[in-house]
Structure formats: C-alpha cells, structure tokens
1. Residues being β-branched (Val, Ile, Thr) and farther than 22 Å from Val211 by Cβ: count how many of those fall in the range 238-255.
2. Just to be sure, is Met1 touching a strand residue (DSSP E or B) at 6+ places or on another chain (Cβ under 6 Å), over 21 Å from Ser225 (Cβ atoms) and touching a residue at least 12 places away in the same chain (Cβ under 8 Å)?
3. Any residue in the range 12-33 that's under 9 Å from Val211 (Cα atoms): show its pairings with residues that are charged (D, E, K, R) and assigned to a strand (DSSP E or B) at Cβ separation under 6 Å, as long as the two are six or more apart or on different chains.
4. Scan the range 46-64 residue by residue and report those that are over 13 Å from the mean Cα position of the chain (by Cα) and polar (S, T, N, Q).
5. Restricted to the range 32-86, and to residues that are out of contact with any helix residue (DSSP H, G or I) (no Cβ under 9 Å at 6 or more places or on another chain), of a type in the set (A, V, I, L, M, F, W, C) and outside any loop (DSSP other than H, G, I, E, B), which residue is surrounded by the most Cβ atoms within 10 Å (Cβ to Cβ)?
6. Checking Ala134 against (1) more than 21 Å from Gln83 (Cβ to Cβ); (2) touching a residue at least 24 places away in the same chain (Cβ under 8 Å), which test does it fail?
7. Could we say that Ala19 is at pLDDT 95 or above, in a strand (DSSP E or B), small (Gly, Ala, Ser) and under 24 Å from Ile203 (Cα atoms) here?
8. Within the range 163-185, does at least one residue satisfy the condition of being assigned to a loop (DSSP other than H, G, I, E, B) and farther than 30 Å from Thr64 by Cβ?
Amino acid sequence: MTTVLKVDSITMQFGGVIAVNNLNIDIHEGEIIALIGPNGAGKTTAFNMITGVYKPTKGRILYTNDAGEEVDITGMKPSTIAQLGVARTFQNIRLFKELTVYENVMIAEHLHLKSDFLSATLHLPWYNKEQQVAEEEVERLLKEVGLWEERGEKASSLPYGKQRRLEIIRAMATHPKVLLLDEPAAGMNPNETDDLTAFIKTIHDKYHLTVFMIEHHMDLVMEISDRIYVLDFGQTIAKGTPQEIQNDDRVIEAYLGVDEDA
C-alpha cells in the first residue's frame, strides 16, 4: 500500500509552548484518516504544518507525487503544496463571499493554468483553450454537487451547509490527490452532518481521493474513517481503527476526564 503522505516526527514550538510534539502519521493512498482530540490538542497546528502555513520546528513532511516520487514538502509555500496535489479547507469557512459560487470555484481551477498574464490579456489561442477546459470543469463540478443552479449567487447568500460544500468543491477544483478537511461539520445540525458524511464518502469514492480530516463529530468520524489518530496536549495518545479508539481508556480520559476518587 502506497504511503501518500508521511508526517515524520514533526514538532511545532511557539516560544516556550510546544503545540505539537514529535507527531508521526502515515497516510496510505485512498484512506480516510481522522485526527481527533480535545480543543487545543494541536490538530489545526498539525494541518498548518502539512499545508505550509507553519514550518515545523523539527521533523519532515513527505508527499508521494503522481510519478511515485517522494517529495519533501516541509516549509514549502502553501500554493506550491496545493499545486503538488495537497488541498485543504478551514474550520472557519474562507470563501470569497462577495464573489459568485461559480467565481469561487473558477479561482481554484486557475491554479493549474499554464498561460501567462500576457496570453490571458490578449486572449491568445492556447489561453482560450485552457480557459474553455477550466470552464467545463467548473460546470461539471458544480452540477455534480447540486450547486449549478446557484452558480450566479454570491457565496455569502448560500445556506451554511451549501457554503461548506462549496468550500470543499473549491478545494477539489485544484485537482488534489490528498484533501485535508479541518472540522468540515463545525456548526452543522444533525441533518446537515448526515448530508456532509454522505458527501465526503461520495467525493472520496468518485475521485479516488485520500482524505485526512480533523473533526469533533464522533458519529461522522466513526462512520467513515479507516484509521484514527488522537492528540492530547500535542502528543499522540492513541491510534487505530474506529473500534479500537472507541475502547481506548486514554482516549476516554482525554475527552471525558476521570473521577478524582478513581
């Protein structure tokens, strides 16, 4: 089984605070992996290191590209990492709210355009061809997720659940091999969470994605994850299948605490 993303002993220290300590994660191609833990455990910090927002104080992040080559992406720019095939969403939705649904996805699609500014300005033939392909891709994506009818609406006008879906599709428009989802169900009611669970399953299967997610909704995590890693105060305290994690005393203690008289 191919390891598509390897987090190799990464540590992130902010002054005297160690947010993540010696984290090791192996993600195999096609898996859905969850990273869970209490608030402040270091989960988003880990995502920020993987996607180039932070450079780890120590350790490496290795990504296997389409050619099967292992690339050290530690400290690369976020845009470079996205071009290689690692895309992400954020806990707080970061859409271009004043742009339309269509424009939000088109911006992401442009990440892979090869034409330069002059070609675009002069509408040279090779730019026009690339643009046509991009437009067809955006149309296909929006139709597949049921947002085509809203393509002309401002992103901010969509219901919350559709905004979250749009953010995921915008990430998909960068043609990722690995998709990182930072609390995709945050703020959702149970029905919206059920719809999101089905949506993640669908895009995972349809696009042969590898998915790595942070999530607090345990029903979602337990239903779709192949394996789970658990952080607490920046340390890995458990890893395994959903059933193994559900029955792990350290995980139960981290989430629920223990009785003082125990």
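1. Here is the first cut: in the range 238-255, the residues β-branched (Val, Ile, Thr) are 241, 245, 251-252.
Okay, now just the ones that are also farther than 22 Å from Val211 by Cβ, so 252.
Final tally of qualifying residues: 1.
2. Working: touching a strand residue (DSSP E or B) at 6+ places or on another chain (Cβ under 6 Å): yes; over 21 Å from Ser225 (Cβ atoms): no; touching a residue at least 12 places away in the same chain (Cβ under 8 Å): yes.
So Met1 does not fit the description; no.
3. Taking only residues 6 or more apart or on different chains, the pairs are Ile33/Arg227.
4. Thr57, Thr64
5. Per the criteria, the residue is Ala46.
6. Failing condition for Ala134: (1).
7. On the way: at pLDDT 95 or above: yes; in a strand (DSSP E or B): yes; small (Gly, Ala, Ser): yes; under 24 Å from Ile203 (Cα atoms): no.
Here the answer is no, as Ala19 does not meet what is asked.
8. Taking the range 163-185 first, the residues assigned to a loop (DSSP other than H, G, I, E, B) are 173-177, 183-185.
Going one step further and asking which of them are farther than 30 Å from Thr64 by Cβ, we end up with none.
No, the conditions are met nowhere in the range 163-185.
The values are calculated or read from the model by the stated rules, or taken from the named source; none is laboratory data. Note that the structure is predicted; figures quoted are calculated from it, not measured. Please note: Cβ atoms are built from the backbone with ideal geometry, for glycine as well, and neighbour counts cover all protein chains shown.
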